[in-house]
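K.L.:
Handing you this structure, nothing more for now.
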Amino acid sequence: MRKTDRLRRYDKRKGKKKRIFLLGLLFGFALFISGYQISVYYSSDESCMKCHVHPHATQSWKQSAHVNNGSGVVTHCIDCHLPPSSRTWSHYSAKARLGVKDVWGYLVKDSADFNWEMKSELEYAVKHVSNESCKECHQNLLPQGITDDGITAHLYYEANEKKLDLQCISCHLDVGHYNPEYKHGRLTGVPTSSDANTSGPVFGSAAAVTSFEDFTEQVPGTYVSFKMIAVEGGAFRMGSDRKEPFHREDEAPVRNVAVSSFFMAELEVTWDAYWAFYSSTMSEGRTPPETVYANNSRPDVDAVSGPTPPFGTPDQGWGKGSRPAITMTHYAAETFCQWLSLKTGRKYRLPTEAEWEYAARGGTETPYFFTGNPKDFSDKGFMRKLFDAKTDTIGDYVIYGKNSRNRTQEPDKVKPNRLGLKNMLGNVMEYCADKYSADAYGMTDEDIADPFVAEGEEWVVRGGLYSSDASDVRCASRSRTYHDEWLKTDPQQPKSIWWYSDIKGIGFRVVCETGFL
């Protein structure tokens with residue numbers, strides 16, 4: 001009897017375990033199905049749009065090649081913004097991470113405060129588009145009907161994807177969200193500016209200048225004119241010492257520098273001026289600018305070979321007119337100066353680094369040409385985690401990361417420095433005539449007149465750009481070109497000598513020598 005009772009109790013426990021197991025199995029299955037259905041629902045375009053409430057995102061997606069195409073195939077939100085579903089762990093982990101972030105943003109942030117224009121720029125988009133998903137759909141990069149330029153570009157991508165960390169979206173930014181200002185392909189024709197001054201006749205001659213004072217240059221054969229500021233020569237202390245906030249080693253040692261008088265453009269070279277140069281000189285030629293002034297030679301202006309057509313729209317759709325021209329190489333900037341010199345009969349060139357800093361300071365010896373401490377304006381440092389950086393004062397004079405909306409701005413957005421020069425700090429980095437050397441200031445005597453560095457691999461750029469922190473737009477702050485990196489996504493062989501493919505905030509300002517007086 002005892003053995004029989006034990007067997008009965010055992011069978012009873014066994015049956016109970018089976019029921020628990022079956023119930024658990026059913027519950028797990030139901031949980032799986034529910035989770036799957038929830039995942040499917042929250043992977044739909046409609047679900048995405050509940051948090052991403054900006055109407056332009058939806059409309060631009062519907063107008064893009066991923067929806068509005070001849071095949072009828074629709075590419076959905078998660079197809080681009082998550083790793084491919086074949087990579088289960090990365091797909092669902094990214095989905096969970098981004099989902100929590102999006103819900104949090106939806107609940108606690110005001111979408112009216114979002115800078116949607118900035119979020120459509122490449123720098124932001126590459127963080128939210130999965131390159132693996134692009135390749136998951138587009139497995140054949142040489143499909144029927146592809147153009148010769150497309151073949152060249154895709155072969156370059158396949159050969160350099162991992163080495164240069166190339167991404168599809170670098171060249172195909174508008175396939176997911178249509179942007180009428182974005183152009184993928186070689187530029188045709190000469191862009192015009194709606195706000196260019198074309199109401200009167202073209203200038204027949206350069207400005208008449210007989211004394212060392214400000215004047216308005218006018219470029220013969222064009223509508224282009226611009227103000228030149230007379231910068232009286234003098235001495236100043238170039239660089240920064242270790243006491244200056246955010247001081248860097250290449251800004252030292254501070255030295256006493258004397259510069260001769262010169263004229264400097266009030267503004268960075270505008271698109272109006274640059275497109276006039278482009279239309280006058282564009283060709284497939286290759287005339288090195290350094291040959292122009294050799295032995296005081298002055299070839300006919302028509303012999304100047306200008307830029308070949310760029311890919312896309314170099315102004316990024318931000319606007320032309322008085323905005324600074326951008327994305328040209330140092331070579332192109334020098335060629336512009338060559339063209340301008342031959343047009344006007346005066347010697348135009350890029351400023352030396354010493355001339356640039358002398359003009360930027362405008363007689364001051366402080367970090368900026370206006371009052372303020374870089375530590376108060378900068379986002380760097382522990383205190384910025386607790387308190388917002390100040391934007392008053394600096395925002396009146398500088399287009400930088402805090403007020404630019406991640407793009408260049410018109411010159412009337414800022415006040416000039418004491419000499420009357422605008423945008424010496426911020427907006428775009430400006431080319432100098434010098435080659436860059438980290439120890440340039442220590443290579444000469446402490447007292448020097450009109451210094452110039454002719455040896456090196458890269459060029460000096462000054463002033464910072466629209467995305468810079470306040471620490472990088474100090475008068476003494478130095479930087480340089482990164483030639484190869486700035487041509488990373490250019491598929492041409494040889495790569496362009498006229499246009500950079502991977503830098504937007506680069507431009508230049510001209511100076512004019514006084515020898516013609």
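The values are calculated or read from the model by the stated rules, or taken from the named source; none is laboratory data. Treat the numbers as computed from the prediction; the structure is a model and nothing was measured. FYI the Cβ positions are ideal-geometry reconstructions off the backbone, even for glycines, and counts take in every protein chain you see. Only protein heavy atoms, including side chains, enter the accessible area calculation; ligands, DNA and RNA are left aside. Shrake-Rupley method; radii C 1.70, N 1.55, O 1.52, S 1.80 Å.
K.L.:
Mind checking which of Y400, A258, I448 is farthest towards the positive end of the chain's charge dipole, using Cβ charges of +1 (Lys, Arg) and -1 (Asp, Glu) about the Cα centre?
P.N.:
Of the options given, the answer is Y400.
K.L.:
Enumerate the calculated ³J(HN,Hα) couplings along the range 115-130 in order (Karplus 6.51 cos²θ - 1.76 cosθ + 1.60, θ = phi - 60°), each rounded to whole Hz, writing x wherever the residue is Gly or Pro.
P.N.:
After applying 6.51 cos²θ - 1.76 cosθ + 1.60, I find 8, 5, 4, 5, 5, 8, 6, 4, 4, 8, 4, 5, 7, 10, 10, 8 Hz.
K.L.:
Still on this structure, I have one more. Report, in whole Å, the centroid distance computed from the Cα atoms of the range 58-109 and the range 304-342.
P.N.:
The range 58-109 and the range 304-342 have Cα centres spaced 37 Å from each other.
K.L.:
Restricting to DSSP H runs of at least four residues, report the calculated mean residue ellipticity at 222 nm for the chain, -39500 (n - 2.57) per run over all residues, nearest 500 deg cm²/dmol.
P.N.:
Using -39500 (n - 2.57) per qualifying helix, the result is -9000 deg cm²/dmol.
K.L.:
Okay, moving on. R255's amide H: which non-local residues (gap 5+, or another chain) put their own amide H closer than 5 Å, with H modeled 1.01 Å from N in plane and none for Pro or chain starts?
P.N.:
Residues meeting the amide H criterion: M238.
K.L.:
Enumerate cysteines in the chain without a disulfide-compatible partner, where compatibility requires another Cys Cβ under 4.7 angstrom.
P.N.:
Lacking a cysteine Cβ partner under 4.7 Å: C51, C80, C137, C171, C337, C432, C475, C512.
K.L.:
Could I get the Rg over Rh figure for the range 355-414? Both from C-alpha atoms, Rh via Kirkwood, rounded to two places.
P.N.:
Using only Cα positions, Rg/Rh for the range 355-414 is 1.00.
K.L.:
I would also like to ask the following. Suppose every Lys and Arg Cβ carries +1 and every Asp and Glu Cβ carries -1, with no other charges. What dipole size does the range 86-146 come out with about its Cα centre, to the nearest 20 debye?
P.N.:
Working: 8 positive and 8 negative charges, 68 e Å.
Its charge dipole is roughly 320 debye.
K.L.:
Still on this structure, I have one more. Over the range 361-509, what per residue volume does the convex hull of the Cα atoms give, in whole Å³?
P.N.:
148
K.L.:
Full-extension gain between D113 and S85, please, as 0.36 nm times their residue separation minus the C-alpha to C-alpha distance.
P.N.:
Details: separation 28, 0.36 × 28 = 10.08 nm, distance 3.28 nm.
Separation in residues times 0.36 nm, less the Cα-Cα distance, equals 6.8 nm.
K.L.:
Whole number in Å², please: accessible area per residue of the chain, 1.4 Å probe, ligands, DNA and RNA not counted.
P.N.:
Accessible surface, normalised per residue, equals 54 Å².
K.L.:
Once you have a ≥ b ≥ c as the square roots of the Cα gyration tensor eigenvalues for the range 318-360, tell me rounded if a/c is under 1.5, and otherwise prolate or oblate according to whether a/b is larger than b/c. Don't skip to the end; give the middle numbers.
P.N.:
Values: a/c = 1.71, a/b = 1.10, b/c = 1.55.
Oblate is the answer for the range 318-360, as a/c is 1.5 or above yet b/c matches or exceeds a/b.
K.L.:
Go through V108, H184, S211 and say which Cα lies farthest out towards the positive end of the charge dipole of the range 98-230; charges sit on Cβ, +1 for Lys and Arg, -1 for Asp and Glu.
P.N.:
H184
K.L.:
Using the Cβ atoms and a cut-off under 14 Å, what net charge is assigned to the surroundings of R384, where Lys and Arg are +1 and Asp and Glu are -1?
P.N.:
+1
K.L.:
A follow-up question, please. Net charge around F370, counting only other residues with Cβ within less than 14 Å of its Cβ (Lys, Arg = +1; Asp, Glu = -1)?
P.N.:
+2
K.L.:
Ranked highest first by average number of other Cβ atoms within 10 Å, how do 91-104, 415-428, 353-366 line up? Could the numbers behind the result be given before it?
P.N.:
Working: 91-104: 13.8, 415-428: 22.4, 353-366: 20.7.
Peptide ranking by packing, descending: 415-428, 353-366, 91-104.
K.L.:
If the convex hull of the alpha-carbon atoms of the chain is projected onto planes in all directions, what is the mean projected area in square nanometres?
P.N.:
Mean projected area for the chain: 35.1 nm², to one decimal.
K.L.:
Could you tell me which of F226, H172, C137 has its Cα farthest along the dipole of the chain towards the positive end, charges placed at Cβ (Lys, Arg +1; Asp, Glu -1), taken about the Cα centre?
P.N.:
C137
K.L.:
Size of the dipole of the chain about the Cα centre, Lys and Arg at +1 and Asp and Glu at -1 on the beta carbon, nothing else charged, in debye to 20?
P.N.:
Working: 62 positive and 67 negative charges, 994 e Å.
Roughly 4780 debye for the chain.
K.L.:
Using heavy-atom solvent-accessible surface (probe 1.4 Å) with all chains present, what is the largest-first order of E213, E457?
P.N.:
Ranked list, largest accessible area first: E457, E213.
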